[in-house]
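Since the structure comes first, as structure tokens, the remarks are kept for the end.
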Amino acid sequence: ALGRSLQVFPNPNDGNFTLELNPKKTEQIYLSIYNNMGQLIQSEQFTVHQQTLKTIDLSNQAKGVYYVHLGTKDGIVYREKVILQ
């Protein structure tokens, strides 16, 4: 599991932010981003092996609160609130 090995920065941000993941093993990650109304606005899959920086661009989205969900094949393991301002 990722545990608390995820950081989001900067937060708040202008729609461009970075996820830093530090998995303990090679992991298939399912990334989903939801708006404040619970609508899925972005999703993708990628594999992490070690410390990984993943940049996210939500600059085309309205200002407000978004929720980043990171999951593995075992289920959702992490949720982070991101504020666009």
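The values are calculated or read from the model by the stated rules, or taken from the named source; none is laboratory data. Given the structure is predicted, the values throughout are model-derived calculations rather than measurements. Because the Cβ atoms are built from the backbone with ideal geometry, glycine has one as well, and the counts that use them run over all protein chains shown. Areas reflect the complete protein model, heavy atoms only, side chains present, ligands, DNA and RNA absent. Shrake-Rupley method; radii C 1.70, N 1.55, O 1.52, S 1.80 Å.
Miscellaneous remarks
- Only one of Leu6, Leu53, Leu58, Leu21 that is open to solvent by less than 20 Å² (accessible area, probe 1.4 Å) and farther than 20 Å from Asp74 by Cβ: Leu58
- Scan segment 29-39 for residues that are open to solvent by less than 70 Å² (accessible area, probe 1.4 Å) and assigned to a strand (DSSP E or B) and the total you get is 6.
- Filtered residue count, segment 31-75, keeping only those that are over 15 Å from the mean Cα position of the chain (by Cα), of a type in the set (D, E, K, R) and modelled with pLDDT of 95 or more: 1
- Leading residue by the ranking (surrounded by the fewest Cβ atoms within 10 Å (Cβ to Cβ)) among those in segment 61-70 that are among the hydrophobic types (A, V, I, L, M, F, W, C) and not in a loop (DSSP other than H, G, I, E, B): Val65
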